[in-house]
Amino acid sequence: MKIINSPEEMQRTAQNIRRAGKTIGFVPTMGYLHAGHLSLVQTARTSADLVVASIFVNPAQFGPNEDLAAYPRDFERDEKLCRDAGVDILFYPTPGDMYLEEHSIWVDEESLSNVLCGASRPGHFRGVCTVVAKLLNIVLPDIMVLGEKDAQQLRILRRMVRDLNFPVKIIAAPTIRETDGLAMSSRNKYLTPAERLEAGCLFQSLEKARALFAAGERAAGNIKAAVRAAIEATSGKVDYIELVDDETLRPVQTLEKPALLALAVKFSKARLIDNTVLQ
Ligand code: PAF
């Protein structure tokens, strides 16, 4: 596995790979890897000749009072995990390499970004879109693999790729879960042991919603109330529980088309998200 720090070297290397007629599968990450990330690498391996993974904790997607400084980092461990998972090139730039002085161009999605996590974290998706646009221009992948856990990010990046004509295909990979159903996330590290036991409530509340939907419930308000009750039985604080149209992300009152049930819940230091599509 080759480690590349410089964006210019990464871009030159990608150009050479493409000239040689090989396809590139790309997995963008912020590091502190877990089995969820490694499953994205496996998907990339089966879909392209070479796999590039990036590790970059992107300052532009963190708000002023968020966890940029505390975000878990362990490059040595990540490097070994990538090597063992069959990553061919690990792109590991510094913030200074990615954002030159007086960086002044941003990619702002103006519709899907205003709700759910975008409403709680102003500017977050502008940071995500900008860094992913840059990574796509640097890594030049044929396919990019993203996790379904970040449902809103996935939909926004699909829209970015469509609206800005990036020549890349996005493949969505399913959420990988712990045995109690908790979605794997680097931020699970912030949970205290007691909170970790309670955090399974996110998945259990989604299961409850799926069961209500399967039994014929179509009123969004009733489904959201059941989800809220399951979460409020723990010390978790609801940031949002929303049922939105799966394509437009606009709120729905009655479920007639596929709807995304998305939630964000705060435990003391950890803000966790999860989702399911009811259809
Ligand atoms: O999902 C993530 O880890 C990040 O938002 C991404 C896509 C790597 C951009 O920084």
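Couple of notes before you dig in:
- Translational diffusion of the range 87-132, µm² s⁻¹ [Kirkwood Rh, Cα pairs; Stokes-Einstein; 10 °C; 1.306 mPa s]: 128 µm²/s
- 0 to 90° range, to nearest 10: angle between helix 124-139 axis and the chain longest Cα axis: 30 degrees
- Eigenvalues of the alpha-carbon gyration tensor of the chain, scaled by 5 and square-rooted, set the equivalent ellipsoid semi-axes at 33, 20, 18 angstrom, largest first.
- In percent, rounded to a whole number, the relative contact order of the chain is 18, using alpha-carbon pairs under 8 Å and six or more apart.
- Rh (Kirkwood; distinct C-alpha pairs) - the range 155-199, Å: 13.3 Å
- Local net charge near Asp180, Cβ-Cβ under 14 Å (Lys/Arg +1, Asp/Glu -1): -3
- Charge dipole (Cα centre; +1 on Lys/Arg Cβ, -1 on Asp/Glu Cβ; no other charges) of the range 178-252 amounts to roughly 120 debye.
- Taking Ala70, Ala225, Ala211 in turn, the Gaussian network model of the chain (Cα-Cα springs below 10 Å) assigns the largest fluctuation to Ala70.
- Rounded to the nearest 5, the antiparallel percentage of DSSP beta bridges internal to the chain is 50%.
- For a label point 7 Å along the Cα-to-beta-carbon line of Ala194, residues of the range 207-245 with backbone N under 17 Å: 232-237
- The range 110-124-the range 1-35 distance, computed between alpha-carbon centres (Å): 29 Å
- Extension gain from Asp49 to Arg228, taking 0.36 nm per residue of separation minus the Cα-Cα distance: 60.0 nm
- According to the calculation over all Cα-Cα pairs in the range 157-279, the P(r) per 5 Å bin from zero is 2, 11, 20, 20, 17, 15, 10, 5, 1, 0 %.
- GluC sites (Glu not before Pro) lying in DSSP loop within the range 183-279, provided at most 14 other Cβ fall within 10 Å: Glu247, Glu256
- Take the Kirkwood radius over Cα pairs of the range 28-129, plug it into Stokes-Einstein at 25 °C and 0.890 mPa s, and you get 161 µm²/s for translational diffusion.
- Charging the Cβ of each Asp and Glu at -1 and of each Lys and Arg at +1, and nothing else, the dipole of the range 143-279 about its Cα centre rounds to 320 debye.
- Placing +1 on each Lys and Arg Cβ and -1 on each Asp and Glu Cβ, with no other charges, gives the chain a dipole about its Cα centre of roughly 340 debye.
- Mean residue ellipticity (222 nm) of the chain, computed from DSSP H runs ≥ 4 via -39,500 (n - 2.57), nearest 500: -11500 deg cm²/dmol
FYI, it's all coordinate maths here, none of it is from the lab. Keep in mind that this is a model prediction, so the values were computed, not measured. Note: ideal-geometry Cβ built from the backbone for every residue, glycine included; neighbour counts use all protein chains shown.
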